[in-house]
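Computed from the coordinates by the stated procedures, all read-outs in this text should not be read as laboratory data. Worth saying up front: this structure is predicted, and the values here are computed from it rather than measured. Virtual Cβ from ideal backbone geometry, glycine too; neighbours counted across all protein chains shown.
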Amino acid sequence: MKKIILIISFLCFITIFFYNCTKKIVSTADNNTAPKEMGETNPNGSSELALLMREMDKDSWKIREAIEKNQNIPDIKDKFAKLHTATPTEIDKKDATYKVMGDAFLVSVDNLYKANSKEEKLSAYNIMVNNCLNCHKAACPGPIVKIKKLFVNQ
Ligand code: HEC
């Protein structure tokens, strides 16, 4: 009996913890096209970090397009690095895990610019998207479906 109560309170805790981030973000995109602008109905409101993340999502589509068309990858390094300083909706979203995940993500962003061939760039890009996912699995699962659309089939 004690165990069951423990499990139930754990589930409640998880639900409350993730509430703000679990409301799905509406996306009109098909699998392989960049999503349209998001409306003002966004559940996370417009914290500095939420706005940055929306930009990062759009920029990732631009990076993907540039690689596919053999063009120069737009320089977004300084912008993405702001994920460490931007204010989130809830301050406890940015804990130690966030910092580690954020650093790992930024390393994978750097690697984009070090890759030479198109294949290498696409792999580096997919690794970057995977790092978006890793942080979101830990901190903010709501946008996961949307992020997965960024992957390129290789
Ligand atoms: C280090 C952790 C971390 C990484 C890496 C990360 N995110 Fe986020 N993301 C968050 C957190 C936390 C929020 C919630 C922000 C808030 O509510 O203030 C968020 C919010 C979002 C949102 C919802 C924004 C809104 O409208 O409310 C989208 C979309 C998103 N991220 C996409 C991405 C994409 C795409 C990448 C990779 C290019 C990425 N994220 C990388 C932690 C991360």
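Here is how the numbers come out for the structure above:
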{"read-out": "Filtered residues of the stretch 91-103 (kept if small (Gly, Ala, Ser) and more than 8 Å from the ligand (Cβ to nearest atom))", "value": "96"}
{"read-out": "Pairs with Cβ under 9 Å, 6+ apart, first in the stretch 113-138 and under 20 Å from residue 81 (Cα atoms), second near the ligand (Cβ under 9 Å from one of its atoms) and among the charged types (D, E, K, R)", "value": "132/57"}
{"read-out": "Residue within the stretch 132-153 that is crowded, with 18+ Cβ neighbours inside 10 Å, near the ligand (Cβ under 9 Å from one of its atoms) and among the polar types (S, T, N, Q) present", "value": "no"}
{"read-out": "Single residue of 126, 116 found to be more than 8 Å from the ligand (Cβ to nearest atom) and assigned to a loop (DSSP other than H, G, I, E, B)", "value": "116"}
{"read-out": "Qualifying residue in the stretch 79-90 (condition: near the ligand (Cβ under 7 Å from one of its atoms), surrounded by 19 or more Cβ atoms within 10 Å (Cβ to Cβ), more than 18 Å from residue 47 (Cβ to Cβ) and not aliphatic (A, V, I, L, M))", "value": "no"}
